[in-house]
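Before any comments, here is the structure.
The values are calculated or read from the model by the stated rules, or taken from the named source; none is laboratory data. Predicted model only: the values in this text are computed from it and were never measured. Heads up, the Cβs are rebuilt from the backbone with ideal geometry, glycines too, and the neighbour counts pull from every protein chain shown.
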Amino acid sequence: MQKQSLFKWKNVGRWVTALALIASMGALDAARAAAVVPIVATIPELAAIAKEVGGNKVSVYSVARPNRDYHTIEPRPSDVSRVAQAKLVVRTGMQFEMWMDSMANATGNVNLTPGGPGYVNCSLGIKREGMPTTQITGASGDIHIDGNPHFYYDPIYAKFIARNVLKGLLRVDPANAETYRANYTHFNAEIDRRMPGWQKELAPYIGKSVVTYHENFAYFIRRFGLREYGHLEPKPGIPPSAAHINALIQNMKRDGVRAVVIESIYPTRFADVISQQTGAKYVVAPYSIGALGTTDYFSLIDKLVSSFKQALSH
Ligand SMILES: [Zn+2]
């Protein structure tokens, strides 16, 4: 937490400059911005779902670029400008993107802070997993202080995200309610249409164990009936150590675990060692929409399903 507050102060100067620039923007920009609802999402997956619901009535910007570690984003002054102009801020709401708090506060726009009409908490309605069982301190290193925030890889929870975005859009732009409701219904129907196919792909592996680098796929794994066996990180946010990797290798050998999925932002050298020692196969899976040829939420889930299938069918 100490690190977080230092970080905020370091950026205040740059942000004040950015806000001064916004204040001097011309009427043309203001008119263009008024044509659609400007949305800022924290990460590409929430941005993609917001675009599905908002359609051509919104413009959507993701602060985090694809394939960057979402836990450690350093916003730029231009990101603060985007937030200052936003009518809706879309985030996981699970103490994940705390870098967004600093920006929303810097704009002084209370509409974008918790409880405000422009604040969309995408975790409303989901069953949180990975809640810390002990008090988190700097020494523990666990960065999931409010539970595991990676529910956006679960296609059923994508419908919850879409619903939370819909509610936000109805608050800030009720004039287009009909369009938003239709888009939301279409997105849900599309998830429902594809879900049986995704389930069929992974059905042969129900109950099978899989190892990932970080706890990113906890909700995805549970949704498809797989078993989250362990992680290359000893704790969320703590890089792998030799001792932890050795213990993991021994446990995998003992239990016959042979499936490893590595998210595309992480190095593969530890997975190489595990592979050599256990005979397990590792597959690199997309961390973001935009990674490994994925272009939208559906192609992300397609690729995740095929990655897990490939690792588990070894
Ligand atoms: Zn995480």
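For Ala280, the criteria (1) surrounded by 19 or more Cβ atoms within 10 Å (Cβ to Cβ); (2) under 20 Å from the mean Cα position of the chain (by Cα) hold in every case but one, which is (2). Only one of the numbered conditions (1) closer than 28 Å to Pro267 by Cα; (2) touching a helix residue (DSSP H, G or I) at 6+ places or on another chain (Cβ under 9 Å); (3) away from the ligand (no atom under 16 Å from the Cβ) is not met by Tyr152, and that is (3). All of Thr294, Thr278 fail the test of being free of Cβ contacts under 8 Å to residues at least 24 places away in the same chain and not basic (Lys, Arg), apart from Thr294.
Residue-by-condition table, conditions (1) assigned to a helix (DSSP H, G or I); (2) farther than 21 Å from Asp69 by Cα; (3) among the hydroxyl-bearing types (Ser, Thr, Tyr); (4) not assigned by TED's automatic domain parsing to the domain that holds Lys159:
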| residue | (1), (2), (3), (4) |
| --- | --- |
| Gly225 | no, yes, no, yes |
| Asn246 | yes, yes, no, yes |
| Gln250 | yes, yes, no, yes |
| Tyr266 | no, no, yes, yes |
| Tyr287 | no, no, yes, yes |
| Gly290 | no, no, no, yes |
| Thr295 | no, no, yes, yes |
| Lys303 | yes, no, no, yes |
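Restricting Gly237, Gly230 to those that are within 16 Å of the ligand (Cβ to nearest atom) and crowded, with 17+ Cβ neighbours inside 10 Å reduces the list to Gly230.
Being in contact with a His (Cβ under 9 Å, 6 or more places away or on another chain) and either under 27 Å from Asp302 (Cβ atoms) or modelled with pLDDT of 95 or more (or both) is a property that holds for Gly130.
Looking across region 69-126, just one residue is touching a Lys or Arg at 6+ places or on another chain (Cβ under 6 Å), within 16 Å of the ligand (Cβ to nearest atom) and either at pLDDT 95 or above or not in a loop (DSSP other than H, G, I, E, B) (or both), and that is Met100.
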